[in-house]
1. What residue, among those in region 531-552 that are out of contact with any Lys or Arg (no Cβ under 7 Å at 6 or more places or on another chain) and of a type outside the set (S, T, N, Q), is most open to solvent (accessible area, probe 1.4 Å)?
2. Sort out which residues of region 434-464 are open to solvent by 50 Å² or more (accessible area, probe 1.4 Å) and under 22 Å from A325 (Cα atoms), and write them in order of number.
3. Just name the residue that is least open to solvent (accessible area, probe 1.4 Å) out of those in region 624-643 that are more than 18 Å from P530 (Cβ to Cβ) and in a loop (DSSP other than H, G, I, E, B).
4. Can you tell me which of (1) open to solvent by less than 30 Å² (accessible area, probe 1.4 Å); (2) of a type outside the set (G, A, S); (3) on the phi > 0 side of the Ramachandran plot is the one Y279 doesn't meet?
5. So is N560 among the polar types (S, T, N, Q), open to solvent by 60 Å² or more (accessible area, probe 1.4 Å) and at pLDDT below 95 or not?
6. Could you identify the single residue in I477, I565, I580 that is out of contact with any Gly (no Cβ under 7 Å at 6 or more places or on another chain) and in contact (Cβ under 8 Å) with a residue 40 or more places away in the chain?
7. Select from region 370-405 the residues that are among the aliphatic types (A, V, I, L, M) and open to solvent by 10 Å² or more (accessible area, probe 1.4 Å) and list them in ascending order.
8. Mind counting the residues in region 583-596 that are part of a strand (DSSP E or B) and either on the phi > 0 side of the Ramachandran plot or surrounded by 18 or more Cβ atoms within 10 Å (Cβ to Cβ) (or both)?
Amino acid sequence: MQKKKMCFLISAFALLTACGVKPDLHLTHIVQEEEKSTTEIRSPEVSTAEDEKLYVSHKNGQTFLVWAEKENLSGEVYGIYRHSEPISKENLGEAQLLYRLYEGSAYFYANRYNKDLSGQWEYRYLEKMYAGEGILLTSNETGFFVWTIGEDDLNENLSQQFYYGITVLLKTGEEIFKDGYSAGPINETIKAPFPVESPIDVGDGGHLFIQYMDLRHWNETFHAPNQYNQYYGLDEGDPAIKNSIQYAYDYVVYEPKCNIPLDKAPVTIHLHALNGGNYPPIKGSNLECTYQIYLTDWPETWYFGFAENFDYRKDGLPIKNDTIANYTEQRILRMVHDLIRNPIGPDVDTSRIYVYGHSMGGSGALALALHFPNLFAAAQASEPMTNYSEAGEAHGLDWRPEISILWGTPEENLPVHLDAPSNWANHLQQYNGTGVWDWQNHRNNLYFLQENAITPIGIAHGMEDIVIEWKTQGKPIYRVLNETHWAWGGVVTNDSHTSLGFQGISPGIAKPNQEEPFSNYTVIKNEVIPAFSNATNNSDIPPKYPGQYNQTLTWSSTWNNWNIIPVDTPNHLEISVCSINANSSENLCGTGSTQVVDITPRRVQNFVIEPEKEYFWENRTINNNLMYFGVVKADANGIITVKDFIVFPNGNRFVLKSAPYFLREVLGNPFK
């Protein structure tokens, strides 16, 4: 019953990505690898002792194993062994058993999709796993395994040679080892792995990558065929299907298309909406001056993660003593991390990384923006979930039963484990152990994450939305964004559940009618920005009718320098702001009306703010004439908000000064 309900709910959504054609899956060429010990994998129709060979390759901290399975057997299980000496029958008992795999371990089941939700399942790109040049799989009966080398594997050495062996475990319980199933030595090292690039054509400038996750730190049952992903349309009675594992993931990166060559280029992550397994291949071209990353989140984790220990191939839900890891966030961030380390075009500009999406994609974009302000320059969330534990309480779609499959029930509220590459999650370690349903309450998170650097967010909801229901998910967050003095812009419409695109994003982050968002991908994360709250021209909070929030204020910045760019020194902070007409095609200063707003400087780079200390503020005309001044006290988190700041259409200068700096100025010239 639960499975049927899940399938009904997920079929209500539309996909937010383009689709292409199914690629040719017949790959046959073998070329030399960086470090390998190998014999050729022959075609499946040959069945002699010569076929019983093992191919082993090591690169970038991962060891890849490919072997010809026994075609005259069925239901067999293969043992993967590792040893510092050549493996033989005599010393097999001394070797380390890494894993036992059922037959067919090379099939890329997680690459399957439910075409048009018709029940016809196809492979999105690859039928078999792919290990890079030199390991191309053509046999119907092929084994495949990837082992990520950890510190325990090398006995505190920087590198070491090891041997591998494969055994066959028969249904009778007998374990067979033959010399043809051994290989080595292979030199192994500890390195951060890179994804493997596939030769599949995904369009001009496109690259298809496969990530292989570390089995020590991954739950390989979640994406294996199971009831929650409808077994990818496969035979759930087949032991090789119901006992398989999956820890490989495909994603596509498009090179930036720029009018002039760039030394560095931004990155934009696209997060699709929920569409029940119908995630076809992407094949197109990039017309924008940014790297574009497309990934698939199926079964849908809402771009967060799932349980560390629960076996999703079995019935039930994650229960106490389990932990919910942010696996999907880790996977997304690793895509960015790997692109930074090994760009396929110009270097990555790490100050210009963006994320956006609608519905489930908007929910993921909002979460990533809140959790990783140290990475993202700006984010846009169309109709996102804002507190999963309340979804459905206003009689819209109740997502909690389906999400409980991922995280356990709200009553269990299992603890989270947060991680990310490149130390990007260091600031989140204090929140490990927080209940997952609490952690995924983004409205609550806005309060206790506000002391960190923040990502400016654009957000939009439709008041007629019952899928991501307006009353429990949309309506409440506008008050919270305003109260926490976040850097944000918002729009509320009369729409139901439909993509609202980039509506809501602040005009200081994106000008209207621009073909490319985020001010043509020029917004940077390492520059102070003003957060507006309680603006005169804002609509009611909480929203009662369709309206707009922070859409009539903008500021001068390096990406939109209509006046001075922000001054941000240890003792002096200055930002030019102006009032605009939200409906103007250009959002030009001078088009708006005089208004009053609270201003909070965010993403401060150099200006020193100490909690509970007093600072002097000034309101100057755009020509630098002093109009108003006063004293403001930083709160316990070191956040300063100047209330009731008057902003003219032609602009004003918002100024903060430390007390010693201000007094020196006053003593020299009180009205400078």
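1. Here is the first cut: in region 531-552, the residues out of contact with any Lys or Arg (no Cβ under 7 Å at 6 or more places or on another chain) are 532-540, 544-552.
Of the ones still in play, those that are also of a type outside the set (S, T, N, Q) are 532, 535, 540, 544-547, 549.
On the way: F532: 6, A535: 9, D540: 75, K544: 133, Y545: 154, P546: 62, G547: 10, Y549: 0 Å².
Looking at residues that are out of contact with any Lys or Arg (no Cβ under 7 Å at 6 or more places or on another chain) and of a type outside the set (S, T, N, Q), I get Y545.
2. Scanning region 434-464 gives D438, N444, F448.
3. A636
4. The single condition Y279 does not satisfy is (3).
5. Criteria not met by N560.
6. Unique residue meeting the criteria: I477.
7. Just the residues of region 370-405 that are among the aliphatic types (A, V, I, L, M), to begin with: 370, 375, 377-379, 381, 385, 391, 394, 397, 403, 405.
Correct list: A394, L397.
8. 1
The values are calculated or read from the model by the stated rules, or taken from the named source; none is laboratory data. Bear in mind that the values here come from a model prediction, so they are computed numbers and not experimental data. Ideal geometry is used to build each Cβ from the backbone, glycine not excepted, and the neighbour counts take in all protein chains shown. Only protein heavy atoms, including side chains, enter the accessible area calculation; ligands, DNA and RNA are left aside. Shrake-Rupley method; radii C 1.70, N 1.55, O 1.52, S 1.80 Å.
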